[in-house]
Amino acid sequence: MNGTDFTAPVLPADHPRVFIQKADIPALREKIKKPALSDAYAAFLSRLSEPADGTLAHPSGSRFTNADSHKLGVIECYALSYLLDGDEARGRAAIDAVLTYHREIVHYDYNTQGQELFTLGLVYDWCYALLSEREKDIFFRAVEQTASGMEMGYPHFSQGFVTGHGVEGQLMRDLMCAAIAMADEHPALYQNTAKLFFTEMVKAKRYLYSFGAYPQGTHYISYRMQWEYLATRLWDGLGIDHVFGEQQKEPLYWFFYMMRGDGISLFDGDDHKNNLPLGEPYHLMYRPYFHAASYEHDGYCLSEALRERPENPFRESGNQSLNAVEYLLCADPDLQPKPISDLPLSRYFGHPRGELIARTGWDSDSVVCQMKINHIHTGNHQHLDGGAFQIYYHGYLATDSGYYQAFRNSDNRNPASGNTNYNSQHFLSYYQRTVAHNCMLVFDPNEKVANYDRTDLSNDGGQRYPDNGKEAKTLDMLLDPAFGHRVGEVLAYRIDEGENPRYSYLKGDLTDAYTEKVTGYCRSFVFLPLCEEADKAALVVYDRIASADASFKKTWLLHTLEEPILSGDTYAAADTREGYGGELTLKTLLPKEKTVKILGNDEVFRVGDVNYVAKTLEGNRHNEGGGYRLEITPKNESIEDTFLNVCGIGDRGKTHVASSYLKTETHEGALVGKNVVLFGTDKNPSAKPQTVRTESDCQMLLVLDLVPGVWYVNDKPYEVDTDGVLTVLVPPRVCHIKREEP
């Protein structure tokens, strides 16, 4: 690393400077005594009643490490006690204990290394006045030794700034803490570390936060955003406000919207939640919500932090746990929670994500529907799932299939081993792939799929791995067209105004998500909350897709937990697990001539002739990654095909959303309950007149894909904005629609 062309922020002349400065100490003394922090303060005092002991037993048996997070927590408490009260005995004890810990530690991975590195830096900074010159040198050599063994490398950083382990605690908190603490004695350490952080990490994070959603999914948001907020805290303590920008908390709002009525979120990307025992609350978001709440003074984030707060919130359990010192430093004891139910029911997460989540409420009886396009594919833990949708209501109805690390062994190459680990055959040939999602497949028999050096992967007919699955190390690489990470574009979206939106609409172009086998593909979603007592909501999905060869089979996918049962012209799939009971009904209006295939039980993981078996944990667990896969394919070969599917959502045995096909001069669509939804049949927005006829009274007419301007419906004017949506409430049975001439 060469820092000569970069000037790092000027640090305070004296210590402390890690999270806090000397002028802040009196206020901290007062804050930690407030009633709202009594449990954290009690935990702090409890740690001070223990000896600061850095001695460690050698690992034995199945243990790969002798790392002890609790001992590091005690050391931090001793250092804080010295900072607050000037107790030199405790300061000396913290210094001796952390150096002993360094001599005796046997590390397992970058997390145990990172936690030690952070504590070395913290003690160096907070107990600086007690250090001899010899001890300062010992600390620095300990930092060099520990950092050089981490995955990221030192002094040459070998990992990326967009995804992967490089964007976790290694640089953002752990090494940066030591660099800030030792900047006076070792300016090159600080200059070079800060250069990487500000010239690469900050730039990438500011862009990724503009997603609104978290591109690495619903598990890795919990793991990685804790480090991002701790980095924000570190620089805020030095006078740099919102180092990653003021959009940092937006992905945490995305997680609000992904939350299901049973207290677990919908799945997105690589996610461990299939491993939870049924009914066990999800605690992994506690730390990022805690930091967002206190730093942003956000009562909604505080509500979620309190909901997810574990029984013993200060128990040190690795580098990912929030201990008493961190809590006392960062908590906002005066902040009051706000109910999440005050938030709007639908929310759009824009470029570069392109996702809309619609809800009918915030309680356990609410429908939750995720619809996404994906503008940018970031790799790593993001899936090849542009155009995917999920639905939850009294159960998981339209699901995200496959398993992540539910069963691990050393055999990554054998598809029958049951291994669901990262880079296993189940992971690379099924779980991350389009076939495991409610998306569209286009099968080119000659397509070859590769991920890094792996060429033994399935041809599922799905979307491509950008740059053969290689992760972009920098933001410049992610945005460079040469690497192919641009996979889609939102063409239009609209959320109906009002407290209870009557519809939520999203349309995107997904052509670039596929190889050249797809020459054009647009998918449109319309989510409709319904007023009928039995029918809670409906999702209308409209696809227009063209392939380079008419023989390339196009397949529309729906994943469900339980077998879809055909009744008349409708498939119904319920969630009959105890405590659930929702049902999804699927009616396919286009193509009219079609073939339906259902794969279930062990066969749901089959791609072509290979079954990518997934073993799961035993016991009463969610295990929602299996189930059934319904495939809809046109009977006749064609370059271009259109799919129109209506998903009804309600309680088991009570869902019967009436839907029928409608067509006009320029549009086609469906009568869904008492709502008419029409999509343009041409790739370009329409300016042509049309007539809509229905056989019954309707509550709403929704005409999409129109050229903006003034449109007349039976001579009554309506303004159509750039989203191309015409909304008519309580329309007549015959509507003559035409555009005003410019």
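Please treat every number below as a calculation from the coordinates, not as lab data. As the structure is a prediction and not an experimental result, all values here were calculated from the model. Please note: Cβ atoms are built from the backbone with ideal geometry, for glycine as well, and neighbour counts cover all protein chains shown.
So the values come out like this:
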item	result
Hz values of 3J(HN,Hα) by residue in region 204-221 - Karplus curve (6.51, -1.76, 1.60), Gly and Pro given as x	5, 5, 4, 5, 5, 5, 5, 4, x, 7, 9, x, 8, x, 7, 9, 6, 5
Net length gained if the chain between D109 and R309 were fully extended (0.36 nm per residue, minus Cα distance)	69.3 nm
Unit charges on C-beta of K, R, D, E only; dipole of the chain, Debye	760
Kirkwood Rh, angstrom, region 658-742 [1 / mean 1/r, Cα pairs]	12.6
18 Å cut-off, amide nitrogen to a point 7 angstrom out along A42 Cα→Cβ, residues in region 290-317	309-316
Where labels lie 7 Å past Cα in the beta-carbon direction, separation of N446 and E516 in nm	1.0
Loop chymotrypsin sites (Phe, Trp or Tyr not before Pro), region 1-96, which have at most 12 other Cβ atoms in a 10 Å radius of their Cβ (DSSP)	F64
Distance-filtered residues of region 640-671 - backbone nitrogen under 17 Å, label point 7 angstrom along R693 Cα→Cβ	660-671
Convex hull of Cα atoms in region 99-150, direction-averaged projection (nm²)	3.3
Environment charge of G600, counting only residues whose C-beta is closer than 12 Å and scoring Lys/Arg +1, Asp/Glu -1	-2
Computed helical MRE - 222 nm, the chain, DSSP H runs ≥ 4 contributing -39500 (n - 2.57), nearest 500	-7000 deg cm²/dmol
Intensity falloff of region 346-657 expressed as log10 I(q)/I(0), Debye formula with alpha-carbon point scatterers, at q = 0.08 Å⁻¹	-0.34
From phi via Karplus (6.51, -1.76, 1.60), per-residue ³J(HN,Hα) for region 376-383 in Hz, x at Gly/Pro	10, 9, 8, x, 6, 9, 7, 9
Rg/Rg_globular for region 574-671, with Rg_globular taken as 2.2 N^0.38 Å and Rg from C-alpha atoms	1.39
Computed label-point distance, nm, for sites R413 and D137 using a 7 Å Cα→Cβ extension	5.1
Charge context of I376, other residues only, Cβ under 11 angstrom, K/R +1, D/E -1	0
Net charge of Cβ neighbours under 15 Å - reference N111; Lys, Arg +1; Asp, Glu -1	-3
Stokes-Einstein diffusion coefficient of region 22-342, Kirkwood radius over Cα pairs, 20 °C, 1.002 mPa s, in µm²/s	106
Modelled FRET efficiency - R0 30 Å, D715 with Y661, Cβ distances, 0.05 increments	0.60
Longest exposed-site-free window of the chain, the sites being GluC sites (Glu not before Pro) in a DSSP loop that have at most 12 other C-beta atoms within 10 Å	1-245
Centre separation in Å (Cα based) which lies between region 481-534 and region 177-229	32
Calculated FRET value between L28 and E50, using beta carbons and R₀ = 25 Å, to 0.05	0.70
Stokes-Einstein D for the chain, Kirkwood Rh over Cα pairs, 25 °C, 0.890 mPa s (µm²/s)	89
Backbone HN-Hα couplings from phi across region 478-495 [Karplus 6.51/-1.76/1.60, Hz, Gly and Pro as x]	4, 8, 6, x, 4, 8, x, 7, 7, 10, x, 7, 6, 8, 6, 7, 7, 10
Cα-based radius of gyration of region 72-193 once divided by 2.2 N^0.38 Å, which approximates compact folds	1.02
Chain lengthening between N423 and H351 when straightened (0.36 nm per residue, less Cα-Cα)	23.0 nm
